[in-house]
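Asker: Provided herewith is a single structure, encoded as structure tokens, for subsequent inquiry.
The values are calculated or read from the model by the stated rules, or taken from the named source; none is laboratory data. Every value quoted in this text rests on a predicted model; they were computed, and no experiment measured them. As a convention, Cβ positions derive from the backbone with ideal geometry for all residues, glycine included, and neighbour counts pool all protein chains shown.
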2 protein chains.
Amino acid sequence: MTPPEDKRYRITLHPSGHTFEATAGESLLKSAREAGIHINASCGGSGVCGKCRVIVRQGELGQGLSEKLTKDQIAAGFRQACTGIVNSDLTIEIPTEAGKLIGGLSTQVPEIHRARLKKDDIEELRREGIFQPPVIKLFVELPRPSAVDNMADAKRLIQGLHNQYDERNLVISLSGLKKLRRVLREDDFRVTATIARPVRPGFGKNFLINIQSGNWTNRCYGLVVDIGTTSIYAQLVNTDTGKILAGAGDYNGQISYGEDVITRIIHAETPSGLARMAELAVSTVNTLIHQLLAETGIGPEEITSITLAGNTTMTHLFMGLEPHSIRRAPYVPVTTFFPPIRANDLGIDLPPHCVALFFPAISSYVGGDIVAGVMGAGLYRTQALTLYIDIGTNAEIVIGNREWLVCAACSAGPAFEGGGITHGMRAAKGAIKDFSINPESFEPMNITIDNQPALGICGSGLLIIVAALLNHGVIDPNGKFNQNLPTTRIRQGRSGYEYVLAEEEENGTDHDIVINEVDIENLIRAKAAIFAGVKTLVEEVGLTIGDLEQIILAGAFGSYIDLDAAMTVGLLPEVPAEKVLYVGNGSLMGGRMSELSNHIRRDVVEVVNRMTSFELSEVTNFKDQYIASLFLPHTDLELFPQTALRLNAWRTKTQTTPKKT
Amino acid sequence: MTPPEDKRYRITLHPSGHTFEATAGESLLKSAREAGIHINASCGGSGVCGKCRVIVRQGELGQGLSEKLTKDQIAAGFRQACTGIVNSDLTIEIPTEAGKLIGGLSTQVPEIHRARLKKDDIEELRREGIFQPPVIKLFVELPRPSAVDNMADAKRLIQGLHNQYDERNLVISLSGLKKLRRVLREDDFRVTATIARPVRPGFGKNFLINIQSGNWTNRCYGLVVDIGTTSIYAQLVNTDTGKILAGAGDYNGQISYGEDVITRIIHAETPSGLARMAELAVSTVNTLIHQLLAETGIGPEEITSITLAGNTTMTHLFMGLEPHSIRRAPYVPVTTFFPPIRANDLGIDLPPHCVALFFPAISSYVGGDIVAGVMGAGLYRTQALTLYIDIGTNAEIVIGNREWLVCAACSAGPAFEGGGITHGMRAAKGAIKDFSINPESFEPMNITIDNQPALGICGSGLLIIVAALLNHGVIDPNGKFNQNLPTTRIRQGRSGYEYVLAEEEENGTDHDIVINEVDIENLIRAKAAIFAGVKTLVEEVGLTIGDLEQIILAGAFGSYIDLDAAMTVGLLPEVPAEKVLYVGNGSLMGGRMSELSNHIRRDVVEVVNRMTSFELSEVTNFKDQYIASLFLPHTDLELFPQTALRLNAWRTKTQTTPKKT
């Protein structure tokens, strides 16, 4: 039903002749926004405000009709850009009231620059010779026992694997031994052996964890789980091909006990609270596993391994380790390395041969999810000096390359998740996720998630809004509104000055949706904490921000972030957009790598051991860095040369604009 | 209450002046028998027959009175040797009717030669540097965490053990991690760590399996279990000192399903039969463990390891491995190597940190009990060419030294356990365990277990009886009775000729207790199978019986066996008695060694791998050897030079004895 991803149409603007591309089936408004074309739209793209009308001069725009348009207007080719669907090449005109023309070209605002998705590079693993799943299947045909060859079944199997595959140091697990006699004889001594390799070849045994009669070598399956504080995601992977066969996600069952790790820890400290926390998370994982198995028709006994990653608290709770000291200075977890554990022993609904491996953590606040991301993204193997960052309430920062790695966690506060902002909200339907501003009328172009009437601002939207306000001189580098602009959208509100994004009648709430100076201050503090963390870390190793060659973004926020906006407000260091990669869910990516490459399982120990963790509160420089970052983008504009140029150009321009009198 | 073991008194025989020693508190009859002095005694030493009367000429014999003695006789010093207790030096006279004199000396018969007990030689282990328990405890005092030293609890402990003891490759188990936070803080970061070593140092991790607050390094305990088909024995060992703290035994709970391994296997093949068999044996072990812990006041959480050994079937049943193929040609067990398993997983009532190690087996009928004995007795480390033999219904034979080892099992039948013999019985109260014969009157001297009225003949008694009958020409080398002897004790019975050991009125049954030619034939077949097995094995490696330098006996039968009798009938090869050692329960001995020396755990794998197992039925030579052994002692008398000499001397003598007419 969905059109091919890459089908694109060309949109030509009349009269300028400027063109941009739009994705087939996408709304014209969204396509324009992504190309950096501003069209006023207050309601978020839901067709309510009727402000985004355009005139279709050539081609046919799907839908785009509404009661806001008169019959005459429709006949004249007027359509609403927000509900208009691009199905062909088009020539359109943006009327003055919808998006004032400047020099014959429609008002242009920065294009959306999202990070490129870094895909699993199975081929790269193969090329580097590290595509070596920790669990493999081998098929052997064994000689039948006889009076002169009556060795034990186990020895027969081990010898067969030795003769045919040069396997050594094999040990058969108890569960394997229990069915060995029957399985060997079911298909006349033709069997498939499932072998779990030691992490370091030659250091430890090869465990023969399962035996099946017949040849099953093409059915090798592993599970990957990301235990997030909010949500748990799982994927089923074919460890022979590296392909993801299915994925599923659900809220972490613990969420009824609080949204953040601290409330979970507090509950875990009550009698039987820890057991309850473990049970809830495990039960969520079990639900996901059943879902994945049902979807793919794979039997539970065919799963041979499971890799899990989560932050330090989540991993502690999952395994039933006391998290008490994680929330109290000096923030000591029980452990950062987790032994391999039979999945069964944790209550995971998998066969007894299935071993659960947890990604190790670095510290109480840099967890296995981050380590998984670092491993999955190949940070520890790259030559480029890289910043790996996962932005949430806590931001985890890793900097380094194949030679060294440092990390830290900093508390950013909930701003990037829509928390602590007057009309902030999670990235759900109706959240303003994208925004531009008309440079002359200062009218907004709001785009909401699922084109629903606007309900509030999500984290990525907030970043884009503040960057746009700054870019167009609506706010100054302190985050204060310019009260002299010719617009009624800036007004005095209950928390100081505010900008009205969507009026009550245009949005899906019973109030105007605004962004005020307190909101902007919160954003500034959040981005300051993160940028100061990055700068402190870089400088602790004797380098400068300018030395960073690559940024890897992880986590939900990372996929939506507009890079120009992030650099404009001073959240991320300025690097060329093409040097920024997005890895999606770093936990899952790392988990997949761990299911496909035993090298990663070995290397992760070394990586964790050599990663230097900084407690930012203990680094004297950090506080100064933080204070210096409490500006947009920063007190030291030399750190943001592109933004500085742009702001300067704008400032010069606005200074020549006649003031209101 | 029991007198010191080594208190001995001197008994002088009147009028010969011959003396022998008696143990204080022991019956005079038993002491005489052990010294090779014959005193007639039909009832087994229970005071019923009144035949064993002696005259006490000097000193005081305790008890020894009975209604069989008249007042006058008592006044004259007559006493019954069987119930008379030696409490002082004595001079006694054996009247003609109780034990005819020959040449002025009381009738002398072969002394009892029992094998010397080989004790655990902890000192030897220490001298050889292999006293290295696989599980040890170390005490550390750790620095408290602080803002500048906030490493994880696990890392703190591991680093402490590294700094103080140079411990490396440590991994903390999940159960250890679960209590780590609490335990570290209970005694201000002073803790005792329990570490389980890998079997091969440097090959695998050191598992930190338990953590206790405070210093507990002097409390290291391990369990040792022998899973016998009939009985299960357990011992609790201090693995720091090597001392056995307590021992306990009970019937194997499976015994209600049959006395031998075959009936157990048959039951295990029924639905849920295998689970039931496992459950019964495990439950017996649990009972013994609770008993040992209660007796010693040691807590279950203080037990750090458990070593088990049993025959191949018992081990399979205990672990829930299908024994089906063990009882069917070509006799294939599921496995001969058993992986280390959490004791908990088998249902053993021990803490989760406790790992159960099973001794590996060689084949379906040479099991872990034999391997344990071979390891415990140091057979694999000795230079002397040794025969290790465990005699029961099946006899397991191992021959070799530090350089090579061969083994085989042979089916001896139940004769040595008192089975298949007309009046055979287990070695219980009332069983004739010792015997001699008056060379002229052919009257018996029966000694029963616990001096109870005779009920039957146990295995070791049978061997002594047959040897005595042969030695005194009562039977010939074919096991047939000499019908020309001047005694009514030899008579025609229901199964051919028989010798009356104890008449009905003298014994504890409602019939005469006899030994007949069929019984003797059974014994001959049993001993022939064993001797042929030994000879076949020796010859398969190109040696001769005469090359054997040492015999090690294991098992219950081994401790009671009279070596002269065993060599006289041709069960054991003739070696000097001082070259025969008895190791008692070889399983337990090996288990103790395994609890005290990780070297043994490593070496056992190598020993088992290089031990050549012979299937005697497949060796052509065996059948001939067996047939050649169906004589007393053997068709080839050169194999038994001492016995040949003795028999020859006797034959010469009896030929000069006037025949009855």
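Asker: Would you tally the residues in the stretch A:397-415 being among the hydrophobic types (A, V, I, L, M, F, W, C) and not in a strand (DSSP E or B)?
Answerer: 3
Asker: Let me ask another. Check the stretch A:600-621 and report whether any residue there is among the polar types (S, T, N, Q), buried (at least 18 other Cβ atoms within 10 Å of the Cβ) and modelled with pLDDT under 95.
Answerer: Checking the stretch A:600-621: at least one residue is among the polar types (S, T, N, Q), buried (at least 18 other Cβ atoms within 10 Å of the Cβ) and modelled with pLDDT under 95.
Asker: Which of (1) within 12 Å of another protein chain (Cβ to nearest Cβ); (2) at pLDDT 95 or above; (3) more than 28 Å from residue A:173 (Cβ to Cβ) is the odd one out, the single condition residue B:278 does not satisfy?
Answerer: Condition (3) is where residue B:278 drops out.
Asker: Might you check whether a residue that is under 21 Å from residue B:591 (Cα atoms) and within 14 Å of another protein chain (Cβ to nearest Cβ) occurs anywhere in the stretch B:368-381?
Answerer: Within the stretch B:368-381, one or more residues are under 21 Å from residue B:591 (Cα atoms) and within 14 Å of another protein chain (Cβ to nearest Cβ).
Asker: Separate question: Go through the stretch B:435-487 and give me each residue that's of a type in the set (Asp, Glu) and within 19 Å of residue B:518 (Cβ to Cβ).
Answerer: Passing the criteria: only B:476.
Asker: So, in the stretch B:304-315, exactly how many residues are in contact with a Leu (Cβ under 9 Å, 6 or more places away or on another chain) and either aromatic (Phe, Trp, Tyr) or within 12 Å of chain A (Cβ to nearest Cβ) (or both)?
Answerer: 1
Asker: Another one. Confirm whether residue A:322 is away from chain B (no Cβ under 12 Å) and either of a type in the set (Lys, Arg) or surrounded by fewer than 22 Cβ atoms within 10 Å (Cβ to Cβ) (or both).
Answerer: no
Asker: Another question, then. Would it be correct to say that residue A:119 is free of Cβ contacts under 8 Å to residues at least 40 places away in the same chain and outside any helix (DSSP H, G or I)?
Answerer: In short, yes.
Asker: For the subset of the stretch A:329-354 comprising residues that are at pLDDT 95 or above and surrounded by fewer than 18 Cβ atoms within 10 Å (Cβ to Cβ), which member is farthest from residue B:345 (Cα to Cα)?
Answerer: My answer is A:349.
For every residue, the table says whether it meets (1) assigned to a loop (DSSP other than H, G, I, E, B); (2) of a type in the set (Lys, Arg); (3) assigned by TED's automatic domain parsing to the domain that holds residue B:454.
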{"residue": "B:12", "(1), (2), (3)": "no, no, no"}
{"residue": "B:20", "(1), (2), (3)": "no, no, no"}
{"residue": "B:33", "(1), (2), (3)": "no, yes, no"}
{"residue": "B:48", "(1), (2), (3)": "yes, no, no"}
{"residue": "B:56", "(1), (2), (3)": "no, no, no"}
{"residue": "B:68", "(1), (2), (3)": "yes, yes, no"}
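Asker: A further question on this structure: Would you mind telling me which numbered condition in (1) closer than 28 Å to residue A:175 by Cβ; (2) surrounded by fewer than 17 Cβ atoms within 10 Å (Cβ to Cβ); (3) away from chain B (no Cβ under 13 Å) residue A:271 fails?
Answerer: With (1) closer than 28 Å to residue A:175 by Cβ; (2) surrounded by fewer than 17 Cβ atoms within 10 Å (Cβ to Cβ); (3) away from chain B (no Cβ under 13 Å) applied to residue A:271, the lone miss is (1).
Asker: Would you check if there is a residue in the stretch B:100-115 being touching a strand residue (DSSP E or B) at 6+ places or on another chain (Cβ under 8 Å), among the small types (Gly, Ala, Ser), at pLDDT 90 or above and buried (at least 19 other Cβ atoms within 10 Å of the Cβ)?
Answerer: No, there is no match, as no residue in the stretch B:100-115 is touching a strand residue (DSSP E or B) at 6+ places or on another chain (Cβ under 8 Å), among the small types (Gly, Ala, Ser), at pLDDT 90 or above and buried (at least 19 other Cβ atoms within 10 Å of the Cβ).
Asker: Look at the stretch B:539-556 and say how many of its residues are surrounded by fewer than 22 Cβ atoms within 10 Å (Cβ to Cβ) and closer than 16 Å to residue B:409 by Cβ.
Answerer: Qualifying residue count, the stretch B:539-556: 1.
Asker: Whether any residue in the stretch A:310-333 is in a loop (DSSP other than H, G, I, E, B), of a type in the set (Val, Ile, Thr) and in contact with a strand residue (DSSP E or B) (Cβ under 8 Å, 6 or more places away or on another chain) is what I want to check.
Answerer: No: zero hits.
Asker: Give the residues of the stretch A:426-447 that are more than 17 Å from residue A:499 (Cα to Cα) and over 17 Å from the mean Cα position of the chain (by Cα), sorted by residue number.
Answerer: A:429, A:430 - these are the residues of the stretch A:426-447 that are more than 17 Å from residue A:499 (Cα to Cα) and over 17 Å from the mean Cα position of the chain (by Cα).
Asker: Go through B:567, B:611, B:593 for me and flag whichever is in contact with a Gly (Cβ under 6 Å, 6 or more places away or on another chain) and not assigned by TED's automatic domain parsing to the domain that holds residue B:306.
Answerer: One residue alone meets the criteria, B:593.
Asker: Follow-up question, since we're still on this one. Looking at the stretch A:296-318, which of the residues that are hydroxyl-bearing (Ser, Thr, Tyr) and more than 15 Å from residue A:284 (Cα to Cα) is surrounded by the fewest Cβ atoms within 10 Å (Cβ to Cβ)?
Answerer: Applying the filter and picking the extreme gives A:296.
Residue-wise test of (1) of a type outside the set (A, V, I, L, M); (2) under 22 Å from the mean Cα position of the chain (by Cα).
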{"site": "B:223", "(1), (2)": "no, yes"}
{"site": "B:238", "(1), (2)": "yes, no"}
{"site": "B:241", "(1), (2)": "yes, no"}
{"site": "B:245", "(1), (2)": "no, yes"}
{"site": "B:253", "(1), (2)": "yes, yes"}
{"site": "B:263", "(1), (2)": "yes, no"}
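Asker: Another question, if that's okay. Collect the residues in the stretch A:363-396 that are in contact with a Ser or Thr (Cβ under 9 Å, 6 or more places away or on another chain) and in a strand (DSSP E or B), keeping them in residue-number order.
Answerer: A:394, A:395, listed by residue number.
Asker: If you don't mind, there's one more thing I want to ask. Would you check if there is a residue in the stretch A:412-419 being at pLDDT 90 or above, buried (at least 21 other Cβ atoms within 10 Å of the Cβ) and in contact with a strand residue (DSSP E or B) (Cβ under 6 Å, 6 or more places away or on another chain)?
Answerer: Among the residues of the stretch A:412-419, not one is at pLDDT 90 or above, buried (at least 21 other Cβ atoms within 10 Å of the Cβ) and in contact with a strand residue (DSSP E or B) (Cβ under 6 Å, 6 or more places away or on another chain), which makes the answer no.
Asker: Yes or no: the stretch B:78-98 includes at least one residue that is modelled with pLDDT of 90 or more, buried (at least 24 other Cβ atoms within 10 Å of the Cβ) and charged (D, E, K, R).
Answerer: Yes.
Asker: Scan the stretch A:3-20 for residues that are modelled with pLDDT under 85 and surrounded by 14 or more Cβ atoms within 10 Å (Cβ to Cβ) and jot them down.
Answerer: Of everything in the stretch A:3-20, those that are modelled with pLDDT under 85 and surrounded by 14 or more Cβ atoms within 10 Å (Cβ to Cβ) turn out to be A:14, A:16, A:18.
Asker: Something else: Please list, ordered by residue number, the strands (runs of 3 or more DSSP E) wholly in the stretch A:122-218 having 1 or more residues that are in contact (Cβ under 8 Å) with a residue 24 or more places away in the chain, facing chain B (nearest Cβ under 9 Å) and of a type in the set (Lys, Arg).
Answerer: Of the strands (runs of 3 or more DSSP E) lying wholly inside the stretch A:122-218, none has at least 1 residues that are in contact (Cβ under 8 Å) with a residue 24 or more places away in the chain, facing chain B (nearest Cβ under 9 Å) and of a type in the set (Lys, Arg).
Asker: Is it fair to say residue A:239 is buried (at least 17 other Cβ atoms within 10 Å of the Cβ), in contact with a Pro (Cβ under 7 Å, 6 or more places away or on another chain), more than 10 Å from every other protein chain (Cβ to nearest Cβ) and on the phi < 0 side of the Ramachandran plot?
Answerer: The answer is yes for residue A:239.
Asker: A further question follows. Starting from the stretch B:327-346, keep only residues that are more than 7 Å from chain A (Cβ to nearest Cβ), then list their pairs with residues that are hydroxyl-bearing (Ser, Thr, Tyr) and surrounded by 20 or more Cβ atoms within 10 Å (Cβ to Cβ) whose Cβ atoms are within a distance under 6 Å, requiring at least 6 positions of separation or different chains.
Answerer: Every condition considered, no pair remains.
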